[in-house]
Structure formats: C-alpha cells, structure tokens
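Here's the structure we're looking at; comments come further down.
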C-alpha cells in the first residue's frame, strides 16, 4: 500500500492552492464561465451530488438565461459521473440550457424536459461511460469543470468527496476549470485511490484488485497545467441527501434479505461471518437493509459499491463493516457532519475510486459481489424495469445497477409490492421496459417475501414470483393470467397472452389504478 499523503496544513481558501503555477490562474466564477461557449460539451465532477462544482455552474445557468433574453440559442451538452446536485441540474434545466444529458439524472425539472422531448438523454451503464467518451461516442469534451479539495506544491489534485468520472474528464477535456473547495476536510487527502492503468482494447491488462481494501493507484488526480484555464476558489458544502427513517415496508424487505443471507450461509454458499462484499443502491430501502445487517451475526463485512450512505457509516462505527470501497459519499446533513467531525477515523476504513473501477465488471465478478438494487417493477418471469414509468417516461436511469447485477455473485432486486397507495402493482404480467433481463435477475424481494429464481424455468418462476412477492390484492389476477397463458395451444417456454400482457398498465392509464373493480 502506498504511503498516504499528509493532509494540507492550512485551511484558508487561498492556502488550498499550493502550486504557484495554479495560483496564477485563480479567477472569479464569472471570468471562468467565459471559457464555456454555446454548443460546448461540458463535463463536470459529481456523483450522487457529492463533488458537484458549486460556483461555475450556477453562473453558467444565469449566463444562459441572459443569452436567451437576448435571443441567443445557448445550450451545452452535460456529462457527469451520475446525478449531480439538484440545484445545479434544476437551474440549467429551467434555463433550457442542456441540449444533451448523459449518463444519469435524478432531478424533476430535467426529468420533465427529457420526457417532454426537450432534452436528449443517453442512459448508460456507469462502467461504460469512460470508455465511450474516450472512443468519441459523445464527441469531444470541450470543457471540464472539476471540484477538488486542494492542489499540492507539485500540481497534483486532491480529489473531492466524489471521484466519479473526474479522472476521465481531466484526461480528455480541451479546457479545464478547477474549483478548489476549502469546505472539504483537509484530512480527506489520502482517502482516494486513482488508478491510471486502464486502456482501450486491445491494450487492456488485468486490473490487480483482489479485495475491497486494495490500493492499486495513487492518492491524487493529475492534470497538465497547460490545459487548466481557470482556478476558482469556493467554500461550500455538498448538498445533503434527504433521509427518512425506514418504514415498516422497508424493514420487512430488509428482514427478508437478512434471512436469505442466513440461508446462503447454511447452504455453504457464503462465508459465515463476513459474507461477500456488498453493493447497495441509494435510498431508504437500501439503508434499511444496511441497518438490518447490524442486527445480525455478521462482523467485519466489506463493501464494494458506488456510494457510502449514512447506514454505511453506522455499520463502520459498530464494527459490522470493516472496510468500504466506493466512488462517492451520499450523506444526509447529519451524516455529512459525522464524516467531517470524524474524518481521521473514517479514512482508515474507506477508499474512494473512479467509477470506471468502482463499477468495473472484471472486479465485480472477481470479488463475488452481492448486488442489491431497487426496481420500479418486475414481471412474473423475473424481467426488471428499473428506469421507465409505464414503459415510456424515464425516472432516473439505469446507473450502475446493470454493472453489478450481471456480474455479481448474487443479484437481488428490491421494491415494495405496490405504489401509489396500492394503485400500482410492482409485480406485473410483462414489464413494458426491460433493463435487467430474467438472465441477470436471481432474487426478487418485496415486503411480501423473497423469490429465489435460481435454477427455475420460466413457468416455475412465475408461480414463485406471484406467491412470494406479489401483493395479495393482485395475486389472483396474476395467477389467472399465467394459467390462461399456459392453457393456450403452443404456449411455449414463456407463456404470455400478448393481447393482455400490458393490461395492468393500460388499466392504470385509463382508470388511475391497476386494480379491477
């Protein structure tokens, strides 16, 4: 393991820029934004809102608004790590300043523009983004705006509270604007592991990471100073993630998952005390699962995931988790304060990597990850829709769920069995949009129960899914559907009634509920 760098010695804004070359480039956000021109592709740091630039992007949104008042068509393409702070995304979307968005979003205004056809959106597996950008699928990157915690005397960049795609943006952008944020704890220096050994085919070599705590890179990001056109000083916290206490539904889902882990241990498929490295999506259900683990017999667990949430910090505190690898934090205000106040402790148990490593299929497969992700709905054969409401309207995006579901040792998808006060069933005859096929889905979990689909044919899957995951209000209709489908002559391996397959969805669109009278 390489020696960790000493934290920056002083905390004032100016003292975070310790290289004279970069000090000479310090300007205001208003001056920096002049480097962004209409039609540019702009790549910014940020993942789950952590590490989003705080100063330049709001100024860009205001500049775009003024340009529109003057009759100028000013839009940019916006590339990120995943979601960024809602404030930044909303301001740019409200100004109609985003022509194309990639690879993930989670903000209502932007979502509305996408679904209304006013903003192009490319939904991409997060592990694919760096390679696609390097190969030019999205054109060149004109400007990168990247938040960092500081700049060393030698010109190395200390990463922020997320890494995401920052490494790639710094590698490929024609012009780079750095935001140096003195709010980020100085002791965060050394938490990061930035790997520069990836390459495009046919020049790839194995990534020698065999445990979540392994360090295979360096603590810093690097950049050619000649491509840095501006350095902007900031002192502002990341946006906090809204967090509510787990409800009875989330706790029931978590209990089913924890019971399943015990079953797998008894079957000899998981180590008794430490399981296998865990990956968990964002949200209250995920946090409830993490909280459930703290009540079980497990100690010294490891995590290899995308984000570190409040629940993960708590598991580190109580010894349930020994080490967690991710690409970003996604913390509530209380979790953020806990991290800042105890950063010297947490940096011994956490590493942040670029998302091309945190989500890399080679590593996910090698480590035997237990993947736990949310879904909108699943059908009776195990196909999962995690992105499109009623099959057409994007919610957020696929994110990293596909990276982990297809390549993990175990693939679990979690959801309440109903939504909208029971008007929507999350178990349907056929999903109208497929993000994860039945071949990548091993286990479905709702508060009703857990369906282990491994080793089951489609016809057997349908009965298990209906019996164990569907809400009682919908079980009889689902069973009636599959029985009538199987009774059709030449019904095939995966029986469907094509004229009725989307009947649940049609009924909802027509009446506001999937229930029958």
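Quick note: the coordinates plus some simple rules give every number you see, no bench work behind them. On a predicted model such as this, the values are computed, not experimentally measured, just so you know. Counting neighbours? That spans all protein chains shown, and the Cβs are built from the backbone with ideal geometry, glycine included.
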Q: Please compute the Cα-Cα pair-distance distribution of region 248-511 with 5 Å bins starting at 0, giving whole percents from short to long.
A: 1, 6, 13, 17, 18, 15, 11, 8, 5, 3, 1, 0, 0, 0
Q) Hey, what did region 14-234 get for relative contact order, percent, Cα under 8 Å, at least 6 apart? A) 26 percent
Q) Counting only DSSP beta bridges with both residues in region 155-293, what percent are antiparallel, rounded to the nearest 5? A) 25 percent
**Q.** For the chain, calculated [θ]222 nm from helices alone, where every DSSP H run of n ≥ 4 adds -39500 (n - 2.57)
**A.** -8500 deg cm²/dmol
Q | region 304-339 versus region 231-246: alpha-carbon centroid distance in Å | A | 15 Å
Q. Between residue 513 and residue 235, what FRET efficiency comes out of the Förster formula 1/(1 + (r/R0)^6) with R0 = 45 Å and r the beta carbon distance, rounded to 0.05?
A. 0.35
Q: Starting from the alpha-carbon convex hull of region 304-353, give the projected area averaged over all orientations, in nm².
A: 3.0 nm²
Q. Distance from the Cα centre of region 363-429 to that of region 191-216, in angstrom?
A. 28 Å
Q: Classify region 14-234 as rounded, prolate or oblate from the Cα gyration tensor: take a ≥ b ≥ c as the square roots of its eigenvalues, call it rounded if a/c is under 1.5, otherwise prolate when a/b beats b/c and oblate if not.
A: oblate
Q: Give me the distance between the Cα centres of region 253-289 and region 82-108, rounded to whole Å.
A: 34 Å
Q. Label residue 390 and residue 419 with points 7 Å out from Cα along Cα→Cβ: what is the distance between them in nm?
A. 1.2 nm
Q) Expressed in nm to one decimal, what extension gain is obtained for the pair residue 135 and residue 96 from 0.36 nm per residue of sequence separation less their Cα-Cα distance? A) 11.2 nm
Q.
Quick check on region 412-455: take the gyration tensor over C-alpha atoms, sort the square-rooted eigenvalues as a ≥ b ≥ c, and tell me if it's rounded (a/c under 1.5), prolate or oblate.
A. oblate
Q: Provide the FRET efficiency to the nearest 0.05 for the residue 467-residue 248 pair, computing r from the beta carbons and using R0 = 30 Å.
A: 0.90
Q | Contour excess over end-to-end distance, with Cα ends at residue 273 and residue 66 and 0.36 nm allotted per residue | A | 68.6 nm
Q: Label region 112-205 by shape, choosing from rounded, prolate and oblate, from the square roots a ≥ b ≥ c of the eigenvalues of the Cα gyration tensor; if a/c is under 1.5 it is rounded, and otherwise prolate applies when a/b is larger than b/c, oblate when it is not.
A: oblate
Q: Answer with a single label: of [x] 52; [y] 67; [z] 60, which was calculated as percent of Cα pairs over 29 Å apart from the structure in view?
A: [x]
Q) Taking Cα pairs under 8 Å and at least six residues apart, what relative contact order does region 248-511 come out at, in percent? A) 16 percent
Q) In whole percent, what relative contact order does the chain give with Cα contacts below 8 Å and a gap of six or more residues? A) 14 percent
Q.
Looking only at region 248-511, where both bridge partners belong to it, what percent of the DSSP beta bridges are antiparallel (to the nearest 5)?
A. 30 percent
Q: Express in nm, to one decimal, how much length is gained between residue 348 and residue 196 on full extension, taking 0.36 nm for each residue of separation and deducting their alpha carbon distance.
A: 52.5 nm
